[in-house]
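Structure, as structure tokens:
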């Protein structure tokens, strides 16, 4: 009686299949570019955060005050890794401002995000008659190095303000398919800006 032999894959066949899978994996990674997708997701979050900040300050301005109380001290304030830094407005748009911050005063993250006027945005949202529209001020998704949220304001009446951040992705960056930095009306092509005065600060 003859026994039936079962034939398996040869080494060459297995190597060919592995090579095809490897090529397909490389093509998928190059096409999708997961690192860029993560940068795009963070940029989308930044745009959403700034919309929240803008609407919160607009509500405060309408309900509580249109005077200097909205704008806090003259200068700019940045939120970076649980610390706040205050400096002169004149350096707000300079390259040195982004990534080189000296003299941070370390504070608890919960304090620096507080909406009672002590946070990195010096506005007391609790004074709004319907209550604070947000429980804490948003911070940059990375919030380290040159990725942080910054705030600038004047104390003249009526005061003006703006918030700014850097975009990471090609899509939302300068001349990208969803360019946010050159279409925000601001005076910097390197940062995304929102506020009541995005060109004068």
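The values are calculated or read from the model by the stated rules, or taken from the named source; none is laboratory data. Nothing here was measured: the structure is a model prediction, and the numbers come from that model. Every residue, glycine as well, gets a Cβ built from its backbone with ideal geometry; the counts of neighbours run over all protein chains shown.
Quick check: is even one residue across the range 146-154 modelled with pLDDT under 90, surrounded by 23 or more Cβ atoms within 10 Å (Cβ to Cβ) and assigned to a loop (DSSP other than H, G, I, E, B)? Steps first, please.
Step one: of the range 146-154, the residues modelled with pLDDT under 90 are 146-154.
If we keep only those that are surrounded by 23 or more Cβ atoms within 10 Å (Cβ to Cβ) as well, we get 148-153.
Next, from what is left, pick out any that are assigned to a loop (DSSP other than H, G, I, E, B): 148.
Yes, the range 146-154 contains a residue that is modelled with pLDDT under 90, surrounded by 23 or more Cβ atoms within 10 Å (Cβ to Cβ) and assigned to a loop (DSSP other than H, G, I, E, B).
Which number in (1) modelled with pLDDT of 80 or more; (2) closer than 18 Å to residue 49 by Cβ; (3) surrounded by fewer than 18 Cβ atoms within 10 Å (Cβ to Cβ) marks the one condition that residue 138 misses?
(3)
Looking only at the range 162-187, count how many residues are touching a residue at least 24 places away in the same chain (Cβ under 8 Å), surrounded by fewer than 19 Cβ atoms within 10 Å (Cβ to Cβ) and within 25 Å of residue 121 (Cβ to Cβ).
1
Determine whether the range 40-56 contains at least one residue that is surrounded by 16 or more Cβ atoms within 10 Å (Cβ to Cβ) and touching a helix residue (DSSP H, G or I) at 6+ places or on another chain (Cβ under 7 Å). First the steps, then the outcome.
Of the range 40-56, the ones surrounded by 16 or more Cβ atoms within 10 Å (Cβ to Cβ) are 40, 42-44, 46-47, 49-50, 53-54, 56.
Then keep just the ones that are touching a helix residue (DSSP H, G or I) at 6+ places or on another chain (Cβ under 7 Å); that gives 56.
Yes: one or more hits.
Would you pick out the residues in the range 110-130 that are within 12 Å of residue 64 (Cβ to Cβ) and in a loop (DSSP other than H, G, I, E, B)? Before you say what the answer is, go through the steps one by one.
Applying the first criterion (within 12 Å of residue 64 (Cβ to Cβ)) to the range 110-130 yields 117, 123-130.
Scanning the range 110-130 gives 117, 123, 128, 129, 130.
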